[in-house]
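Derivation of every value follows stated rules applied to the coordinates shown; laboratory data play no part. Just so you know, these numbers come straight off a predicted model, no measurement behind them. Every residue, glycine as well, gets a Cβ built from its backbone with ideal geometry; the counts of neighbours run over all protein chains shown.
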Amino acid sequence: MYHWKLDRPLAIFDIEATGISTRGDRIVELFIARLAPDGPRRDFAYRINPQMPIPPEVTAIHGISDADVANCPTFAELADDIAAAFQDCDLGGYNLLRFDIPMLEEEFRRAGRTFAVEDRRIIDAQRIFHAREPRDLTAALAFYCGELHLDAHGAAADVEATIRVFQGELHRYRDLPRDIAGLDAVCNPRDKTWVDRTGKLKWQDREVVVNFGRNAGRLLRELVAQEPRFIEWLLRNDFPADTREIVQNAMQDKWPAPPPQE
């Protein structure tokens, strides 16, 4: 019996990859637990050929080697099945806002598809945990559930641990919302001044400005015209896909619609 209230399916998922770069690395394992408001849980497990070597130091963490995935399908070959597993679902996981979602978006992009998250509510057990008791997933499982996470860094085991941590958090913190929309507001707050999902770009006087680093506060329009090296650097690095898309469009003088004036 879960402590949360679902009004549509919730997909709790975890990714193991060739590394931690959401642009440069690739998924090797994906596990999804799809929880329905009324009905049985459905699990989806995928081993994926990343089409690149898995570094030995990464294999030492999650236990997946090049030989383990050599004969597995690629992400592009599995994209339709994976998209169907996520269809109409809100999203849940541990550290998924910083890693799993951006990694999934990049894989779908390379497969010629879009993985849209704008209409999905997101709950992240790590966000709740770090707000209350800053630790990692293994410590979270011990703290909330009194259990040892003996199979850390296996996608299926991490999903099971994340589900138990969510339950422990909701049991311990009675002031947390029980509905997914309320939990989404806690885990995935949106600032109405942000242009992109993570606030790297924001609105200022109905113009897009950069919101980080030495160029914070400068107009994106100005940087596109005057600072091509900065724009190239931004597009090469591990910025979220929606941030890069806005910048790429700006280079073609295509701009998002500003928010309505209040």
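At-a-glance table
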| read-out | value |
| --- | --- |
| Surrounding net charge for I123, when Lys and Arg each add one and Asp and Glu each subtract one, Cβ distance under 11 Å | -2 |
| Relative contact order [Cα under 8 Å, 6+ residues apart], region 17-152, whole percent | 19 |
| Helical contribution to [θ] at 222 nm, DSSP H n ≥ 4, -39,500 (n - 2.57), averaged over the chain, rounded to 500 | -11500 deg cm²/dmol |
| Fraction of beta bridges assigned by DSSP in the chain that are antiparallel (%, nearest 5) | 70 |
| Relative contact order of region 134-262, pairs being alpha-carbon contacts under 8 Å that are 6 or more residues apart, as % | 13 |
| Protection proxy ranking, peptides 36-46, 157-167, 102-112, average beta carbon neighbours within 10 Å, highest first | 157-167, 102-112, 36-46 |
| Shape call, the chain: gyration tensor on alpha carbons, a/c limit 1.5 | oblate |
| Mean Cα-pair separation over length for the chain, i.e. relative contact order, pairs under 8 Å, 6 or more apart, % | 17 |
